[in-house]
Amino acid sequence: MTTASPEPNTNAAIPDAATQVDIYRRMSLISQNDEAARKTVKSGRLMMPYYSPKGQEVIPSAVSVNLNDDDRICTIYRGTHDMLAKGVPLRDLWAEMAGRVTGTCKGKGGPMHVTHPASGAILTTGIVGSSMPIANGLAWAAKLSGSKRVTIAYFGDAASNIGAFHESLNLASVWKLPVVFICQNNLFGEHTRFENATSVDQISKRAAGYSMPGVTVDGNDPFKMYAAAHAAINRARDGDGPTLIEAMTFRFYGHVFGDDDHYMTKEEKAAALAKDPLPIFRARLIADGVATDAQLTELDADIRAQIEDAIQFALSSEMPPIEELTRDVYAEAGAA
Amino acid sequence: MTVETKKLNAIQAINQALAQAMEADPTILVLGEDVADREGGGVVGVTKGLSTRFGEDRVKSTPISEQAIIGAAIGAAIDGYKPVAEIMLMNFTTVCMDMIVNHAAKLRYMSGGQTTVPIVIRMMTGAGIASGGQHSDFLEAWFAHTPGLKVVAPSNPADAKGLMLSCIADPDPCIFIETSRAYGVTGDVPVDAIPIPLGKARIAREGSDVTLISYAEMVTRCLTAAAELDKEGISAEVIDLRTISPWDVEAVLASVRKTGRAVIVHEAVRTFGVGAEIAATLHEKLFRELKAPVGRLGAPFTPVPFAGNLEQAFLVQPGAIVEAARATLATH
């Protein structure tokens, strides 16, 4: 079975057939999970602030197939796609989104603060830009301990205008840390267009200021995203230091769920939605003979069942006991 | 049992605490601006010799990037290290409050106890050395108001060493406040690494008529005031909190139960200061036993001024403590 990169590049790593299906599986998981989350919020079964990642599912899927379980990620409030792609279990995630004691964080973090160290999902921050300084620290620990662990810092385009981005890239470069900075450029920071708020036309250009490789890649193309992540992760793992990847993408459902997208034209949005990466990749896998329609349909159905199971599990789980209110503030239980 | 001691100042005492802790535990790291020996071992020399002794992997000078410093400390702490980060001056915490307050303080809670941040953030501050409005503030109330942080402010070299050892060993993030103008003062410091427990106050001077409650260098001023009051036949007890958060409520209540009178003294501006929390607690718990309203002394509600006369007027002086103590006795 052969596969070809859409733009053949002799240096670019190409995912093998099994890896392509694995990328698809993660994308399908993210996309179906998002649909379920939106439905659940809309119907009032769950009350939570929800930052839909639909449209951005290629990025963490193509990144995560290059990662080991103990590699770390730090992500942000729009981060369920990053978490799922890295392997955070559906039941734990849903229970956390529902604020139940069975959640990743006993229901005390919520959807904006999912943490699941067993999957390497160390931090979800609600503060723009703050994934990066902490990712550096995780990378520093890996370097000090002689581990080959790599840390990924995910963030959005708007975060490249905050001080923490610049401090973090500088320190990572000076200390040659095994970290990869992955900017998911979805063209909007909240409601502000990227180009109205950013001094460069490509965020990757900022890498030059910090003496690290910077690359802009089509973040909706699994092959290009895979190749860029593969190179950057290997570079970090080999001790050669950090990389900045700017992955171009689009968020289908605005900033926060309920956003009416008044800040863009209907035509612009329709054009972006027409390029939904999931059906495009699905068709390609079938056309290339990597998987059959029946195989992918079965895979999709299996994921749907897992999501249904997770929702049922979450909604039938207990709320955290009231003692949890004052627990975990300090190491001593119940410190007030 | 006598403890072997040596005369040291706070700089030397903290340096010794760091060295002894690093010797015993290879996971302890030091990072901050100029902390390695190539850069002088810290702006006042607190970390002198550490990078030479323990290597530049463990003792790292950083760019002037406070968010990056605290972020690196947090991440390394989550993955098993115990970083001691230096933020050169307390005012510089203003540019990394997100890392301290939103992350270091909250990650244990928000993760349901899965990610913990055993870091120490050292900093110096204080008026009286002509540093003006942006290098002198005591901002401890901000941190004490933040669940998840511990706040420690030693008043003398021996406590600086013992409290630093406890902060390093503590599983939670600790803010460690050093008073710049007191760095040169020497005292007897235990030679061995003997930790002083966090959250426990010390009776710096016993007395029976009024309790003076303080921390950091203001404890020294309270002791000066107590000696002055003694000449008038007023017996003042001086409580050194040592730890501001969590503060030793029991020790303070026990003393004020005994004396029936209290004056709280701190360097920070009085308005909304730590003294208000302590005074409120005393009124709540001891309303019927108090012989006078609880007094509070702190700086006026102004930035720290530069001119020498204004700066001295900004700082609580021993004479003001004497007057405040007298006032509690004059009430009845």
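A few comments on the model shown:
- Taken over the range A:200-335, the percentage of Cα pairs per 10 Å bin, counting from 0 up to the bin with the maximum distance, is 9, 19, 25, 27, 18, 2.
- Mean separation of Cα pairs under 8 Å and 6 or more residues apart, divided by the residue count, gives the range A:149-303 a relative contact order of 24 percent.
- Rg and Dmax of the range B:173-212, both derived from C-alpha coordinates alone, stand at 13.9, 37 Å.
- About the Cα centre, charge dipole magnitude for the protein assembly as shown (Lys/Arg +1, Asp/Glu -1 at Cβ), debye: 680
- Cβ charges +1 (Lys, Arg) and -1 (Asp, Glu), total dipole of the range B:202-327, debye: 260
- Charge dipole (the protein assembly as shown, unit charges on Cβ, about Cα centre) - positive-most of A:Ile182, B:His145, A:Leu244: B:His145
- Highest mean packing comes first when the peptides B:252-263, A:295-306 are listed by Cβ atoms within 10 Å, giving B:252-263, A:295-306.
- A simple spin-label model places the labels of B:His145 and B:Asp192 4.3 nm from each other, with each point 7 Å out along Cα-to-Cβ.
- The charge dipole of chain A, taken about its Cα centre with unit charges on the Cβ atoms of Lys, Arg (+1), Asp and Glu (-1) only, comes to about 400 debye.
- Summing charges over neighbours of A:Ala270, with a neighbour being any other residue whose Cβ is under 14 Å away from its Cβ, gives -1 when K and R count +1 and D and E count -1.
- Dipole of the protein assembly as shown, positive end: most advanced residue of A:Thr40, A:Tyr50, B:Ala76 [Cβ charges, Cα centre]: B:Ala76
- The length gained by stretching the chain between B:Lys6 and B:Ala327 to full extension, at 0.36 nm per residue less their Cα-Cα distance, is 111.6 nm.
- Principal-axis tilt of helix B:218-231 within chain B, Cα atoms, nearest 10 degrees: 30
- Between the range A:121-145 and the range B:1-75, the C-alpha centres lie 22 angstrom from each other.
- Averaged over A:163-172, number of beta-carbon atoms from partner chains that fall within 10 Å: 5
- Per-pair calculated FRET efficiency, R0 = 51 Å: B:Val43 and A:Ala294 via Cβ, rounded to 0.05: 0.15
- Equivalent ellipsoid dimensions for the range A:17-312 as semi-axes, Å, which come from the Cα gyration tensor, largest first: 27, 22, 21
- Legend: residue pairs B:Lys200/B:Lys258; A:Lys86/A:Lys148; A:Lys54/B:Lys106, Cα-Cα distance threshold 27 Å; pairs beyond threshold, A:Lys54/B:Lys106.
- Measuring nothing but alpha carbons in chain B and taking Rh as the Kirkwood radius, the Rg to Rh ratio lands at 0.97.
- The B:Lys285 and A:Arg304 beta-carbon pair, evaluated with R₀ = 51 Å, returns a calculated FRET efficiency of approximately 0.30.
- Selected from B:Ala13, B:Ala216, B:Ala182 as most flexible by GNM, with chain B as the system and alpha-carbon contacts under 10 Å: B:Ala182
- Burial ordering of A:Leu177, A:Leu285, fewest other beta-carbon atoms within 10 Å first: A:Leu285, A:Leu177
- For the range B:208-326: Kirkwood Rh in Å [reciprocal of mean 1/r, alpha carbons]: 14.3
- Averaged over the residues of peptide B:57-68, the number of Cβ atoms from other protein chains lying within 10 Å of each residue's Cβ is 5.
- Within 10 Å of the Cβ of each residue in A:136-149, the mean number of Cβ atoms contributed by other protein chains is 6.
- Along the axis of the charge dipole computed for the range B:1-64 (Cβ charges of +1 for Lys and Arg, -1 for Asp and Glu, origin at the Cα centre), the listed residues B:Ala24, B:Leu8, B:Gly45 are led at the positive end by B:Leu8.
- Under 14 Å from the Cα of B:Lys291 - aspartates and glutamates, other chains or at least 8 residues apart: B:Asp209
- Residue of A:Gly241, A:Gly289, A:Gly146 that the Gaussian network model of chain A assigns the largest fluctuation, springs spanning Cα pairs under 10 Å: A:Gly146
- Rg to Rh, two decimals, where the range B:56-135 supplies the alpha carbon set and Rh follows Kirkwood: 1.02
- Within the listed set A:Tyr51, A:Tyr253, A:Tyr263, the Gaussian network model of chain A (springs between alpha-carbon atoms below 10 Å) gives the highest mean-square fluctuation for A:Tyr263.
- Three semi-axes of the equivalent ellipsoid, the protein assembly as shown, Cα gyration tensor, whole Å, largest first: 53, 27, 21
- Under 28 Å between alpha carbons - lysine pairs in the range A:154-312 that sit 8 or more apart or on different chains: 8
- Projected label points at B:Gln134 and B:Thr27, each 7 Å from Cα along the beta carbon direction, are separated by 3.8 nanometres.
Only the coordinates and a few stated rules stand behind these numbers; no lab work does. Source: prediction; values computed, not measured. Don't worry about glycine lacking a Cβ; one is built from the backbone with ideal geometry, like all the others, and counts go over all protein chains shown.
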